[in-house]
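See structure below.
The values are calculated or read from the model by the stated rules, or taken from the named source; none is laboratory data. Here the structure is a predicted model, which is why all the values come from computation and not from measurement. Cβ placement follows ideal geometry from the backbone for every residue including glycine, while neighbour counts extend to all protein chains displayed. Ligands, DNA and RNA are excluded from the accessible area calculation, which covers all protein heavy atoms including side chains. Shrake-Rupley method; radii C 1.70, N 1.55, O 1.52, S 1.80 Å.
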Amino acid sequence: MFRLGLKFVWLSVLACSGMAAAGCQRGAGADESVGTSEAAAGIPVGDIRGTALVNKSLQTRLFDPQAPTTQSFTIEKLAGDDVGKLRAFLGQWVTAGTQSKFQGGEPNPFGLVLWHQVIASFAKGMGGVCDTPGTVDVTFPGVSGAPASAAKLHRNVAPKIAAACTFEGDAAAKKEAARALFHAVVDDELPEEDTAFADFFAGPDYAQAAGKTRVEAMFTAMLLNPHFLLTR
């Protein structure tokens, strides 16, 4: 996937909207009790997971559970007020009376443009960690006058991001650093995916890039990956 760049990630997300690809319906490590038409959370398989589940994944996998900023972190606020006003297109539960319905989850070009804005803002903040070696604090710059947001990295994740920032050692060491970060974020056993990810970022396009640039691109690619963004 990553050999073709992020354009292919976009095409993969759009292809999954029809739920024709088996990999989008049931990925490696998926709960076998889940049916082929709905995921356990009530969101149809192949739809965008939505802001609530994406935020929960990021809070659980990347951030310090003891930090007060963790539970209040919301990725949809990072792209500014204009995108925030359109957050229903990112996939959210809407309650009307006693009924709740998940809306905005079906992949479509407009929704994916919004997700790209949100994820790009998140990735920029994560790449900024490289500017301060050893830090566990992340600052997501405010957009369009919005105040900056902050978060604190989980103690097990901070070294993985630091290793991706420095990218020290030979090609094998670089690939291992990329693979470790991939699994910290995507949190699944995806040998083909993590191999392609590691090969691409340890290759000529990013191996010698500035750490900030590399980590920003890594997070953009990981969060746009259908295995992270879509229900399976």
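Computed from the Cβ-Cβ distance with R0 of 30 Å, the FRET efficiency linking Asp170 to Asp137 stands at 0.45. Using the empirical formula 2.2 N^0.38 Å as the baseline, the Cα radius of gyration of the range 118-201 reaches a ratio of 1.17. In order along the range 184-190, the phi-based Karplus estimate (6.51 cos²θ - 1.76 cosθ + 1.60, θ = phi - 60°) of 3J(HN,Hα) comes to 5, 9, 6, 6, 7, 8, 10 Hz; Gly and Pro are listed as x. Length gained on full extension, Asp82 to Gln99, computed as 0.36 nm times the residue gap minus the Cα-Cα distance: 3.3 nm.
In this structure, the pairs whose alpha-carbon distance is over 27 Å, taken from Lys56/Lys174; Lys124/Lys174; Lys101/Lys152; Lys77/Lys174; Lys77/Lys175, are Lys56/Lys174; Lys101/Lys152; Lys77/Lys174; Lys77/Lys175. Close amide H partners of Ser149, meaning residues 5 or more places away or on another chain with modelled amide H under 5 Å apart, are Phe140, Gly142. Backbone phi angles across the range 136-141, fed through the Karplus curve with coefficients 6.51, -1.76 and 1.60 (θ = phi - 60°), yield HN-Hα couplings of 10, 9, 10, 10, 9, x Hz in residue order; Gly and Pro are listed as x. Orientation-averaged projection of the range 74-232 equals 10.8 nm² [convex hull of Cα atoms, one quarter of hull surface area]. Projecting the Cα positions of Val185, Asn225, Ala164 onto the charge dipole of the range 161-232 (unit charges on Cβ atoms of Lys, Arg, Asp and Glu, taken about the Cα centre) puts Ala164 furthest along the positive direction. Sequentially through the range 110-118, phi angles give Karplus couplings (6.51, -1.76, 1.60; θ = phi - 60°) of 5, x, 6, 4, 5, 4, 4, 4, 5 Hz, Gly and Pro residues having no value and appearing as x. Can you grab the distance from the C-alpha centre of the range 66-144 to the C-alpha centre of the range 197-218, Å, no decimals? Rounded to whole Å, the Cα centres lie 23 Å apart. In this structure the range 89-169 gives 52 Å² per residue of accessible area when probed at 1.4 Å with all protein chains present.
Amide H contacts for Glu106 (H built 1.01 Å from N in the peptide plane; partners 5 or more residues away or on another chain; cut-off under 5 Å): Ile48.
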